[in-house]
Amino acid sequence: MQKTNSTKTPEQAAHIVALVRQLVSAIHGSTNEEGAPNSQAKQVRLALKILSSRISSRKQSYADEQVIVERLKRSLAKGNRIRDAVKLVELVNALKKLSDNQTLRNILFLLEEMSYHEQELSLIKQQMSVNQQLSEFSLDSSLSNSNKNSKTSIPLVDDGQMDSNLAATTENEINANSTGENSKPNSTVREDAFQEYIEKENEAYEISEAILVREAIYAIQGIEGKYVKYDEQNDEYAVAAQVGVPQPVRELIRRICKMGWLYKYLKQRLQQMQSNPSYGAVCRSFCGAIENELDEYYEMLAEIEAQAGMTNYENIENAGLLTAKDRNDLTLRKLFVWCQAPLEKLRWLSVLTEAAYNKKGGELLSTIHEFSLHGDKNIRTLVGSVLRRASVPLFDAIRKWVLDGELDDPYEEFFIASCQGITAEDIWEKKYYIRQSMVPSFLAMESHLIASILLAGKTVVFLRKCCSDGSWLTEKLRDSSSRSLEYNQVDSLRSFVQDACEASSNRLKFLLFEKFHLKGHCVALRNLILLGQGDFVQNLLDSLASYLNEPATDLYRNNLLGTLDASLRSSSAAVSIANSLHAEDSVLDSFTNEVLDRMDVRLLHPSSGAQGWDIFSLDYRFDVPLTNIFTKDVMEMYRKISRFLWFLKRSNYLLCTTWNMHFLSFSEEHKYTKLEMKPTTGTIYNKIHFVRMKMMHFVENFQYYVMFEVLEISWNELLNKLQKARDMNELIQAQRLFISRILEKLMLKEKFRSQYQRIRQLLDLTVRYHSFMRTWAMYKSTKHFDFSTQMEKRDEDLASKLAEIETQYDSIFEEFLQDLQTIEKDEIRALLFRLNFNGYYSNKTSNQTAKDSSISS
């Protein structure tokens, strides 16, 4: 109470008494109970004592009117007097308009003190009732109890006497307080009031527990209250420092409010992630999963608010007024216990959110999936629930890709990616690929499943864009496509992808073989490019020989194309290729014309002094979709093999024409000389024939090796693989394996570089031998021979050139045989046996080695 320096007039004292009586009546209300007027008189007398006292309560110094009102309302609510509490609120609101804050605070404090003394009076009455019951059993005990009651009872006076006495007492005490503080009556009053205050202080906090509970409930929702606020320095919710609350209670509230900090962090982080569209659909779905988990948190908050009595009132100031019979009292300790499970869940949701921050797509799902390995079953369940919802966009993208071949991924979060600017010719191998960083860890171990997903979508895209077909989706697959695909259901996903992949691959394989005649084109490559059709090759050699003997710069592609077309039509090549299809006549005729149109001639860049043989090469053109099987690198390997076989056929052809020149020159010389040749002439002819047979031995045996040991066996393997192929990848792999094995068996790969060089040298020597025979035939075609010394010298020069060719050939051939011995392959060993079946060259090498050893010794 503030000190007053002036004495109060009788009118002022009477006015104070009237106000006090009115407030006491408002607290007690209208009641007909016995002794109620005496009780009110007692409370008025006590209030006037306190008003006249100079003691200032410690609690009053910092407690505001709101705190006192809350304590009064709680006291009335415990007495089941809710209407009186509402009326009290209305009176307080009216007083706020008529007086200042300090006066209102003093009045409210007075009412609180009177309420406390009323409770004491009620306890005394209860004790007296108990004593009277005990007196029925014992007279001595009754007398003893009545003495005690007489000592502790409070004397009551009637209303008229009380009013006059109160007015006089109030005036006297107020005037006495203004003149002196140390008088004995005032000291006694102060001691009594202080004792009562101490007892009240020991019973309650400055702020009621109900208010603290309400403030804590606000805080765990991330809302600052009047007393529990967010401390930015410590980054936590806590009771304000100026509020008088014991330290243990502060610590308890701080622990409860950890939920508020976690909730606030979650909401801020989720808002950041959802506001950035570049995080993608998976991130948004993850945020939705976290918010869905927070729904249980909201339900818990609603239940707590109901327990705290914060939901069944209209005015927020009436909070906490539910009667004890309508609710169970919610204390801070109960709230702390209830918050443990939600607190743990919020903590893990915060951990998941922090781990997922700045991640997207499959990378985000992989990060969250790592927490599913936790040993706590509850944590695994929580993570599984979040992943189940967060992975919905992923499985929707898989379904859309597998069934429709559509890739809608603007934020690059799906593990299937595409390259821009890829034409239809390379769409299968270069358009789509797996983005490894976005493969979820729970699917990464299923590498075959990831490949199947990629294959299924690629097949659908290939059917639509390259084959102009979109009717592959069967009824069975339409029915199975309605199956739900969820996290932790890998078996269901695998079954769905396998069904879709099998259906689309079967459709694609059917179109490739029936509509685009894949097998027929493979036969065309074997018979035409790999020179497997004998009559076509021979006809082509005969037709092109005159052109190819010319310098490379004199060749014209148009002339060669006309000759090629004539050779194809004059042979049975196109017909035999078409018959391999086993189709109707109309289809066969159409495919025959197609093969003729696809055959082409390719001329390499000529070097100086090159002939037409050196730059000529056969080619075969493909269109979409077959360009994705016979890719550029595959066709380049076909052309490489074709040029090599063309050189081999050329050597065989030249050796055959050499035999004709040999026979004709021998006949001409025998005719004109009438068998009067010199003895050396027959020896030269034998030598020519012997060298040619050596070369024919190599060329023919190597041709046999190529046609039967290499091409025929590899071709049968290719047909088997094409028949058993289940998808496009296996078709491509079969074709690549076929051409790769041919390259290896023909020693055209880089690791057989030495053997290949020996083969080319041997084939070049056959060409050189043919050139030598053309020179020999030109000399022998002269009809008038001059058997002079000059003619004999010319023959000796030709004989020495022939001997030089033979020596080089034998040397290179022996080196070639030695190189073949280093290759550990059955086919090469078979070739080695055919080239040296009688051990002639090995014996020759052994004899030469022994001869060299004897000479050196």
Relative contact order of the stretch 209-362, defined on C-alpha pairs under 8 angstrom at six or more residues apart (%):
29
Work out how much length S484 to E429 would gain on full extension: take 0.36 nm times their residue separation and subtract the Cα-Cα distance, in nm to one decimal.
16.7 nm
Chymotrypsin sites (Phe, Trp or Tyr not before Pro) within the stretch 699-774: DSSP coil, no more than 15 neighbouring Cβ in 10 Å
none
Of the listed peptides 266-277, 514-525, what is their order by residue-averaged count of other C-beta atoms within 10 Å, with the highest listed first?
514-525, 266-277
Check which residues have an amide H placed less than 5 Å from Y237's amide H, if you skip close sequence neighbours.
D231, W261
Between E730 and L91, what is 0.36 nm times their sequence separation minus the Cα-Cα distance? Round to one decimal in nm.
220.9 nm
On alpha-carbon atoms, Rg over Rh for the stretch 209-362 using Kirkwood Rh?
1.03
What are the ³J(HN,Hα) couplings of the stretch 429-434, residue after residue, when phi is run through the Karplus curve with 6.51, -1.76, 1.60 and θ = phi - 60°? Round to Hz, x for glycine and proline.
8, 10, 6, 10, 8, 9
Between the stretch 376-420 and the stretch 582-660, what is the C-alpha centre distance in whole Å?
49
Cβ-defined net charge surrounding T423, 14 Å radius [Lys, Arg +1; Asp, Glu -1]:
0
Per the 1/(1 + (r/R0)^6) rule, R0 = 41 Å and r from the Cβ atoms of Y547 and D810, FRET efficiency to 0.05 is 0.80
Check each of the trypsin sites (Lys or Arg not before Pro) in the stretch 807-838 and keep only those in coil by DSSP with at most 13 other C-beta atoms within 10 angstrom; list them in order.
K825
Fraction of alpha-carbon pairs over 17 Å apart in the stretch 380-456 - percent
50
Could you tell me the calculated FRET efficiency between M707 and F837, based on Cβ-Cβ distance and R0 = 22 angstrom, to the nearest 0.05?
0.75
At what distance in nm do the modelled label points of H448 and D235 sit from each other, each positioned 7 Å from its Cα along Cα→Cβ?
4.9
Can you flag which of K458/K515; K465/K640; K430/K465; K431/K509; K267/K345 are past 23 Å Cα-Cα?
K465/K640
For K78 and Q723 in the same chain, what is the full-extension length gain: residue separation times 0.36 nm, less their Cα-Cα distance, in nm?
223.2 nm
Between K400 and V337, the two model label points (7 Å from Cα along the beta-carbon direction) sit apart by a distance in nm of 5.1
What is the distance in Å between the Cα centroid of the stretch 89-110 and that of the stretch 500-562?
108
Any idea how far apart C419 and A803 come out in nm if each label point goes 7 Å out from Cα toward Cβ?
6.2
FRET E, pair F510, R774, Förster distance 51 Å, beta-carbon r, rounded to 0.05
0.35
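Each reported figure results from applying straightforward, stated rules to the coordinates on display, with no laboratory input. Because the structure is a prediction, the values reported are computed rather than measured. Cβ: placed from backbone, ideal geometry, glycine included. Neighbour counts: every protein chain shown.
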